[in-house]
1. Restricting to region 119-159, name every residue that is open to solvent by 10 Å² or more (accessible area, probe 1.4 Å) and either polar (S, T, N, Q) or touching a Cys at 6+ places or on another chain (Cβ under 7 Å) (or both).
2. Just to be sure, is VAL180 outside any loop (DSSP other than H, G, I, E, B), of a type in the set (Val, Ile, Thr) and free of Cβ contacts under 8 Å to residues at least 40 places away in the same chain?
3. If I filter region 21-38 for residues that are open to solvent by less than 50 Å² (accessible area, probe 1.4 Å), within 16 Å of the ligand (Cβ to nearest atom), of a type in the set (Val, Ile, Thr) and closer than 25 Å to LEU168 by Cβ, do I get at least one hit?
4. Output the residues belonging to region 39-64 that are within 14 Å of the ligand (Cβ to nearest atom) and open to solvent by less than 10 Å² (accessible area, probe 1.4 Å).
5. Right, ILE97: modelled with pLDDT of 95 or more, of a type in the set (A, V, I, L, M), under 14 Å from the mean Cα position of the chain (by Cα) and within 26 Å of GLU217 (Cβ to Cβ) or not?
6. Examine region 150-159 for a residue that is free of Cβ contacts under 8 Å to residues at least 40 places away in the same chain, out of contact with any strand residue (DSSP E or B) (no Cβ under 9 Å at 6 or more places or on another chain) and part of a helix (DSSP H, G or I), and state whether such a residue exists.
Amino acid sequence: MLLEKRITIAVDGYSSCGKSTLAKALANSLGYVFIDSGAMYRGVTLYCIRQQLIQNSKPQVDLIEKELDKIHLSFKFNEATASSELFLNDENVEKLIRLPDVAANVSKIATIKTVRDKLVEAQRLIGRNGGIVMDGRDIGSVVFPAAELKLFITAVPEIRAQRRKKELEEIGVIITLDEVIANLMERDLIDSTRKESPLIQVEDAIVIDTSELTREEQLQKAIQLVKASTCKSSE
Ligand code: DC
């Protein structure tokens, strides 16, 4: 089957359900661009931490809004790892944005409307020509409401926590399972109850529960869905 039309694929869901891993594998197998929109919120958070714009765990919204123009985010493709890495004002911060202090603050930064407006605009610009897989929380609902394919990824909490712990260990962060669970629960709550673009499962999204599926099985399932929606949208 020919996959001529380069569609837009939105991948949403809670933290650590395997969204980015699946979205990246899907993009690589289709020859599409992959964008991890959460990395962008993490980049803004790292900037705010460094500039001390979060005090006593509270983002200083007025100060952050004044600094927004100084925050330049871009992705560069790293051939060695076959993935895009985030640059904050020309510094590669791909590893730094995964550290626990960023994870602990990012959901709060992601509630700020002006931050979201800035990042949504940048995301739409990157995806304007299609041929993109973008993962996040509001991709199917806000960023690309007309995306040809919308996936909503879920997994049971124990699996999510174990995956997150493993990811952190791989970058040298040792943390207990209870700490991981506490951070995931806190982020789920903030992400799904915030006023601005909360995480929702839109009606036209297709759910993939990754709990019992290997990475290859998830990918094959997603590819089938792409084929079906590519056929549908070329009709
Ligand atoms: O996908 P992630 O865990 O790296 O995302 C980090 C945080 O950014 C998450 O708590 C919610 C927020 N986020 C968001 O609000 N909207 C997006 N499109 C992507 C992430």
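The values are calculated or read from the model by the stated rules, or taken from the named source; none is laboratory data. The shown structure was predicted, so the numbers you read here are calculated from the model rather than taken from an experiment. Positions of Cβ are backbone-derived with ideal geometry, glycine not excepted, and every protein chain shown enters the neighbour counts. Surface accessibility is based on the protein's heavy atoms, side chains included, excluding ligands, DNA and RNA. Shrake-Rupley method; radii C 1.70, N 1.55, O 1.52, S 1.80 Å.
1. The answer is ASN129, SER141, THR154, ALA155.
2. Numbers: outside any loop (DSSP other than H, G, I, E, B): yes; of a type in the set (Val, Ile, Thr): yes; free of Cβ contacts under 8 Å to residues at least 40 places away in the same chain: yes.
It is true that VAL180 is outside any loop (DSSP other than H, G, I, E, B), of a type in the set (Val, Ile, Thr) and free of Cβ contacts under 8 Å to residues at least 40 places away in the same chain.
3. So far as region 21-38 goes, yes, one or more of its residues are open to solvent by less than 50 Å² (accessible area, probe 1.4 Å), within 16 Å of the ligand (Cβ to nearest atom), of a type in the set (Val, Ile, Thr) and closer than 25 Å to LEU168 by Cβ.
4. ALA39, MET40, GLY43, VAL44, THR45, CYS48
5. No: the conditions fail for ILE97.
6. First, pick out the residues of region 150-159 that are free of Cβ contacts under 8 Å to residues at least 40 places away in the same chain: 157-158.
Within this subset, residues satisfying the condition of being out of contact with any strand residue (DSSP E or B) (no Cβ under 9 Å at 6 or more places or on another chain) are 157-158.
Filter once more, so that each one left must be part of a helix (DSSP H, G or I): 157-158.
Yes, some residue in region 150-159 is free of Cβ contacts under 8 Å to residues at least 40 places away in the same chain, out of contact with any strand residue (DSSP E or B) (no Cβ under 9 Å at 6 or more places or on another chain) and part of a helix (DSSP H, G or I).
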